[in-house]
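As structure tokens, the structure follows; a few thoughts come after it.
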Amino acid sequence: MLKPRKVNLTGVFGYPIKHTLSPVMHNSAFKALRMPYIYLPFCVKPKECRKLLKLLPALGFKGVNITVPHKKTAFDSVDYLTAEAKIAGAVNTIKVSDNKLFGTSTDGEGLVRSLKEDAGFNIKGKNIIILGAGGAGRSAALYLAVKGVKRIVIANRTKSRALLIVKMIKKQAPGVEAIAIPLKDSEVWKYVCSSGLIINATSIGLNISDKPILSS
């Protein structure tokens, strides 16, 4: 009689989560590598996130990815942070080990590698605009700052949130020019022509019915 095979539980926490392709990617990789893991999507409301993260060891999780809008909550909830997570001020990956939560951020490194390998774009000395000041925007801004961009403009509907990231940039990378502006056409377009890259770090685009961020 064959013994049942133990399957290790992993997944992704987000809200909303229907759009994610992460389970397809990870489960395909697990299958190809013959690893006894399963990766599931979990729709987690913001008010429930911290409590569920603390329950990961008891629920038998080996780890989870964190997506919108939980990256800052994850940062505040784990037991240990990597240097990458501290730079980003957010966590998108949690490993469970010895009943402890170890948090890191792969957003910044993944962004820079993709730009270089897939688009041939070197960030050093460039001017960049980031739309959005949530977990993804903060991670991208802080990582890009310490990796050598010249200027970062952060546009957000609530300018005060963009200003918080600007303060973090000036602390971690004082040589980088950091500017916070409201997410309005008239403000963003002032910097478009002098920038080499625009990053959409908002949730706009998750739904096909979403209106464009900029009107023109």
Discussion item. Tell me which helices (runs of 4 or more DSSP H) are completely within the stretch 1-74 and hold 3 or more residues being among the aliphatic types (A, V, I, L, M), without any contact (Cβ under 8 Å) to a residue 60 or more places away in the chain and on the phi < 0 side of the Ramachandran plot, or say none if there are none.
Written reply: 22-32, 56-59
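I'd like the residue in the stretch 110-127 that is surrounded by 15 or more Cβ atoms within 10 Å (Cβ to Cβ) and under 17 Å from the mean Cα position of the chain (by Cα) and, out of all such residues, is farthest from GLY60 (Cα to Cα).
From the stretch 110-127, those surrounded by 15 or more Cβ atoms within 10 Å (Cβ to Cβ) are 111-112, 115, 123, 126-127; that's our starting set.
Pick out the ones that are also under 17 Å from the mean Cα position of the chain (by Cα) and you get 111-112, 115.
Working: LEU111: 31, VAL112: 33, LEU115: 36 Å.
Ranking the qualifying residues of the stretch 110-127, first place goes to LEU115.
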Worksheet item: Yes or no: GLY11 surrounded by 16 or more Cβ atoms within 10 Å (Cβ to Cβ), of a type in the set (Gly, Ala, Ser) and at pLDDT 95 or above?
Response: yes
Discussion item. Can you tell me which of (1) touching a strand residue (DSSP E or B) at 6+ places or on another chain (Cβ under 7 Å); (2) over 21 Å from GLY89 (Cα atoms) is the one CYS193 doesn't meet?
Written reply: (1)
Worksheet item: What is the one condition in (1) without any contact (Cβ under 8 Å) to a residue 24 or more places away in the chain; (2) surrounded by fewer than 16 Cβ atoms within 10 Å (Cβ to Cβ); (3) more than 24 Å from ARG113 (Cα to Cα) that LEU163 does not satisfy?
Response: (2)
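How many residues are polar (S, T, N, Q), in contact with a Ser or Thr (Cβ under 7 Å, 6 or more places away or on another chain) and within 17 Å of GLY89 (Cβ to Cβ) when one looks only at the stretch 122-168?
Taking the stretch 122-168 first, the residues polar (S, T, N, Q) are 122, 127, 139, 156, 158, 160.
Checking the rest, the ones that are also in contact with a Ser or Thr (Cβ under 7 Å, 6 or more places away or on another chain) come to 127, 139.
From the residues that got through so far, the ones that are within 17 Å of GLY89 (Cβ to Cβ) too are 139.
Looking only at that region, the number is 1.
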Worksheet item: Among the strands (runs of 3 or more DSSP E) confined wholly to the stretch 86-178, which include 1 or more residues that are in contact with a helix residue (DSSP H, G or I) (Cβ under 8 Å, 6 or more places away or on another chain) and closer than 17 Å to ILE66 by Cα?
Response: 93-97, 100-104
Fill in: Residues located in the stretch 179-198, provided they are among the hydrophobic types (A, V, I, L, M, F, W, C) and either assigned to a helix (DSSP H, G or I) or farther than 13 Å from LYS124 by Cα (or both)
ILE179, ALA180, ILE181, LEU183, VAL188, TRP189, VAL192, CYS193, ILE198
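Table: residues versus (1) closer than 26 Å to ASN27 by Cβ; (2) surrounded by 20 or more Cβ atoms within 10 Å (Cβ to Cβ).
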position	(1), (2)
PRO57	yes, no
THR67	yes, yes
HIS70	yes, yes
ASP76	no, no
TYR80	no, no
ALA90	yes, yes
PHE102	yes, no
THR106	yes, no
Practice prompt. Give just the number: which of (1) assigned by TED's automatic domain parsing to the domain that holds LEU164; (2) surrounded by fewer than 20 Cβ atoms within 10 Å (Cβ to Cβ); (3) out of contact with any strand residue (DSSP E or B) (no Cβ under 8 Å at 6 or more places or on another chain) does SER139 not satisfy?
Written response: (2)
Practice prompt. Might you let me know whether the stretch 49-71 holds any residue that is aromatic (Phe, Trp, Tyr) and within 27 Å of ALA145 (Cα to Cα)?
Written response: no
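The values are calculated or read from the model by the stated rules, or taken from the named source; none is laboratory data. Small disclaimer: the values here were computed from a predicted structure and weren't measured. All Cβ positions, glycine included, derive from the backbone under ideal geometry; neighbour counts span all protein chains shown.
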